[in-house]
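Working notes for the structure below.
The values are calculated or read from the model by the stated rules, or taken from the named source; none is laboratory data. Keep in mind that this is a model prediction, so the values were computed, not measured. So basically every Cβ, Gly included, is an ideal-geometry build from the backbone, and we count neighbours across all protein chains shown. To get the accessible areas, we keep the full protein, side chains included, count just its heavy atoms, and leave off ligands, DNA and RNA. Shrake-Rupley method; radii C 1.70, N 1.55, O 1.52, S 1.80 Å.
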Amino acid sequence: MTTSASAGEVLTGDDELYDELYDVRREAEEVGNYIDVDPYPLMNAAREQGAVQEGFLRQILGLPAFHRQKGALERQGFTCFTFEACDQAFRDNVNYSNNLYSLDRPSGDGPKPYGILEMDNPEHHAFRRAVQSLFIKPKAQKWWRENFIDALVDDLVRALHGQDRAELNLQLCARVPVHTITRAVGLRGEDALVFRNALLQTSANKGGIETQMKAHATVQRMLMEQIELRHQEPGTDIISWLLAAEIDPPGEERRHLTDQEVVVFARLILLAGGGTTWRQLGIVLLALLTNPDQYHAAREDRKLIDAAIEESLRWNPTNPLFTRLAAADTEFHGVFIPKGSILDICLGAANRDPARWDNPEVFDLHRPFQQHLGTGIGAHMCLGRFVAHVEMGVTINRLFDEFPNLRLDKDFEEPFVTGGLEQRGVSALHVRLQ
Ligand code: HEM
């Protein structure tokens with residue numbers, strides 16, 4: 001699909017799709033997982049009752065039932081809460097499998113729509129290797145930053161000049177990640193919002209199956225158009241990289257990815273990279289703006305911005321819940337988990353486990369760093385975590401440079417973290433710039 005707007009207009013303009021797509025509460029309501037409470041007191045209390053317990057997380061917390069994979073709810077559920085148990089569950093991809101995204105597909109086999117996210121080893125390893133080297137820290141700090149992030153943040157921050165007030169959730173946090181990832185994959189910058197809208201509609205409850213099918217077709221067509229172009233003329237983007245990559249899938253000769261495998265890979269990267277960083281950037285800004293001492297410390301000593309980002313991922317990770325499928329009968333922290341059941345990994349509770357962190361409820365960028373689970377751990381640890389870190393770091397640095405008096409706008413309700421258990425972010429971020 002083409003639009004008449006230029007890439008620059010879509011980046012900094014007032015497209016109403018931003019309001020539609022980047023409202024954390026509305027997003028959760030459309031997915032069907034919105035919760036009207038702060039889940040942390042509930043998760044902390046549950047963690048005290050045992051490292052691993054029978055029941056889905058929502059059952060244990062007394063919240064309405066929801067699972068991204070509808071087929072999961074027909075199975076027996078278990079949840080792990082402590083840092084030790086969640087860390088072990090993430091790392092044990094043999095017993096606790098990622099192959100659960102297809103529970104809703106009648107046959108359970110066929111192409112995996114979520115690609116590497118729903119693969120186990122050795123298949124997972126073979127496919128993840130195809131892109132791993134584009135996502136390592138030095139690449140994030142150079143290729144991603146120099147080609148996309150610096151220029152985008154520059155344009156967005158410049159567009160704020162001359163304003164006294166801004167709403168940073170919509171004007172900044174939403175825009176940096178979606179435009180970074182759209183351009184890096186190799187789609188046209190002006191298509192960023194149209195594509196994201198279609199991508200989200202492929203799994204939204206709203207609109208029903210017909211809307212979902214239409215959205216699938218749009219996503220497929222837009223990616224295939226670019227794949228065909230890159231076959232003729234390779235560029236310096238993720239699609240071109242994927243087309244050139246060779247993989248060693250188990251039981252097969254070394255080969256290139258098929259076009260459909262490239263579609264799946266690109267779709268996952270666009271999906272995973274567009275929403276998470278938007279929400280997490282809002283959370284780290286909220287943490288800084290509501291803790292003026294830490295805000296000023298980070299402004300004076302910019303190395304502390306890295307610490308603030310990591311601490312935000314511990315304190316309030318945008319995804320406090322991930323899930324696994326039990327691939328075998330196991331005894332886990334004294335609880336028998338039968339093969340075929342579902343294991344909810346409550347990494348939100350793990351990240352505030354007092355056995356690992358002092359005063360875990362408090363956002364404290366000065367605390368000594370210890371690995372948290374905000375970007376997962378083990379084989380599926382977030383592929384894009386260094387990219388996300390650079391996007392957030394560059395944005396915060398630029399805000400500090402350009403707006404020394406940046407502060408919350410007291411004419412608006414104080415922002416808070418909201419959403420579901422599977423994705424959380426800020427209610428809004430109204431600020432004064434001057
Ligand atoms: C602050 C932002 C982000 C957070 C909090 C986050 C969180 C996570 C987590 C917790 C996982 C592990 C899932 C599991 O174990 O099942 C994951 C996986 C993944 N993330 Fe991120 N992510 C972020 C940003 C990004 C970005 C920017 C990209 C792409 C550019 C990305 C791409 C992926 C992919 C492809 C996977 C699947 C990896 C695999 O299955 O091997 N993420 N992410």
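Here are the numbers:
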quantity	calculated
Average accessible area per residue (Å²) across the range 15-77 - probe 1.4 Å, nucleic acids and ligands excluded	50
Inter-probe distance in nm under a simple model that places probes 7 Å from Cα toward Cβ, at His231 and Asp306	4.3
Area accessible to solvent at Tyr22, 1.4 Å probe radius, in Å²	0
Subset of Lys70/Lys206; Lys112/Lys142; Lys70/Lys137 violating a 24 Å alpha-carbon distance limit	Lys112/Lys142; Lys70/Lys137
Overall Cα dimensions of the range 224-341, principal axis frame, Å, largest first	56, 50, 21
Spatial separation of Cα centroids for the range 345-387 and the range 160-214, in angstrom	27
Rounded to the nearest 10 Å², the accessible area of Phe412 at probe 1.4 Å	90
Normalised contact order of the range 290-418, rounded percent, pairs of Cα under 8 Å and 6 or more residues apart	27
Helix runs (DSSP H) in the chain reaching 18 Å along axis by Cα, Kyte-Doolittle at least 1.0	259-289
Rounded, prolate or oblate (a/c below 1.5 giving rounded, otherwise prolate when a/b exceeds b/c) for the range 280-382 by Cα gyration tensor	prolate
With DNA, RNA and ligands ignored, accessible area of Arg68 (1.4 Å probe; Å², nearest 10)	110
Shape call, the range 216-258: gyration tensor on alpha carbons, a/c limit 1.5	oblate
The chain, accessible surface, carbon-and-sulfur percent (1.4 angstrom probe)	51
Descending semi-axes in whole angstrom, ellipsoid equivalent of the range 178-275, from the Cα gyration tensor	24, 16, 12
Relative contact order, percent, the chain [alpha-carbon distance under 8 Å, six or more residues apart]	27
Residues of the range 303-411: accessible area per residue with a 1.4 Å probe, Å²	37
Cα coordinate range in the chain, projected on the principal axes (Å, largest first)	61, 57, 41
Translational D in µm²/s for the range 1-150 (Stokes-Einstein at 20 °C, 1.002 mPa s, Kirkwood Rh from C-alpha pairs)	110
Theoretical FRET efficiency, 1/(1+(r/R0)^6), r = Cβ-Cβ of Lys339 and Gln434, R0 45 Å, to 0.05	0.15
